[in-house]
Amino acid sequence: MSDAKGHRERLRRRFQAVGLNGFHDHEVLELLLTYAIPRRDVKKIAKDLLEKFGSLSAVIDAQPQILEKVNGLGPKAALFISLVAQLFRRYEQDKFSQKKKIRCIEDALKHLKPFVDKPFESLWAVVMNSANDVLATEMIQAGSVNKVSVIPRLVVEAVITHRATAIILAHNHPSGNPEPSTMDKEITKILQNLLHQIDVTLLDHIIIAGTRYFSFAEKGLL
């Protein structure tokens, strides 16, 4: 058995035994790449990916056209990596959004917690019909540890895609402080006005910070 093949098998046995516990980020990428690049040592490719993009999440979220520029990766493996983020989002949508209703802030918080519990800021949209059935829960944008930029067009696209009549927006503050920034307040007002023009109600914008939260609706800011 070659060294490369032996290393692949050791990675797979480790995963089978303990999951990803104890895996370094480059080893996670190595394991992933073993299913897209046959019969080659992928350790250097995994480390090059991390060096270029800076983090495991950034690699997974990168566009395949950019990924394939990394030496040794190629379009097939780049597409395989980009599938992971899309698969995870579909998994989350299927697991947490099926046949759920949101009638109050407690329902919203319970529904959103698994999505926004991340070490970086991310903006999520819960899109619903007139009966308060959850049609989908989608991550609109991912940001850094203390900021997420908001592109209103992406929010509107999520609403139109699912033919929603109402929406709850949510993002997290990893700092632990749920108080909205001036920008949070401004973008909420912009989105409320924009959604109103297409007959969609912004029911709430919730900022979640660990066990604490801030609700624009509860504070009378919508």
Enumerate lysine pairs in the range 99-215 that are 8 or more residues apart or on different chains, then count those whose Cα atoms are under 20 Å apart. 11
Helix-only [θ] at 222 nm, the chain, -39500 (n - 2.57) per DSSP H run of 4+, per residue, nearest 500, equals -15000 deg cm²/dmol
Please label the shape of the range 3-92 as rounded, prolate or oblate, based on the square roots a ≥ b ≥ c of the eigenvalues of the alpha-carbon gyration tensor (a/c under 1.5 means rounded; beyond that, a/b larger than b/c means prolate, else oblate). oblate
Only bridges whose two residues both fall in the chain count here: according to DSSP, what percent of them are antiparallel, nearest 5? 70 percent
Expressed to one decimal in nm², the mean projection of the alpha carbon convex hull of the range 17-164 is 10.9 nm²
Please compute P(r) over all alpha-carbon pairs of the range 105-185, binned at 5 Å starting from zero, and give each bin as a whole-number percent. 3, 15, 26, 24, 20, 10, 3, 0
Check: the range 145-222 dipole with +1 on Lys, Arg Cβ and -1 on Asp, Glu Cβ, in debye: 100 debye
Angle in degrees between helix 182-197 and the longest Cα principal axis of the chain, rounded to the nearest 10: 70 degrees
Calculate the dipole size of the chain relative to its Cα centre from +1 charges on Lys and Arg beta carbons and -1 charges on Asp and Glu beta carbons; express the result in debye to the nearest 20. 760 debye
Sum of side-chain charges, Leu73 neighbourhood, beta-carbon under 14 Å (Lys, Arg +1; Asp, Glu -1): +2
Give me Rg over Rh for the range 142-222, both radii from the alpha carbons and Rh done the Kirkwood way, two decimal places. 0.96
Once you keep just the Cα pairs under 8 angstrom separated by 6 or more residues, what percentage relative contact order results for the range 99-215? 25 percent
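Every number here is computed from the coordinates shown, using simple stated rules; none is lab data. Computed from a predicted model, the values in this text were never measured in an experiment. In this analysis, Cβ positions are derived from the backbone assuming ideal geometry, glycine residues included, and neighbour counts consider all displayed protein chains.
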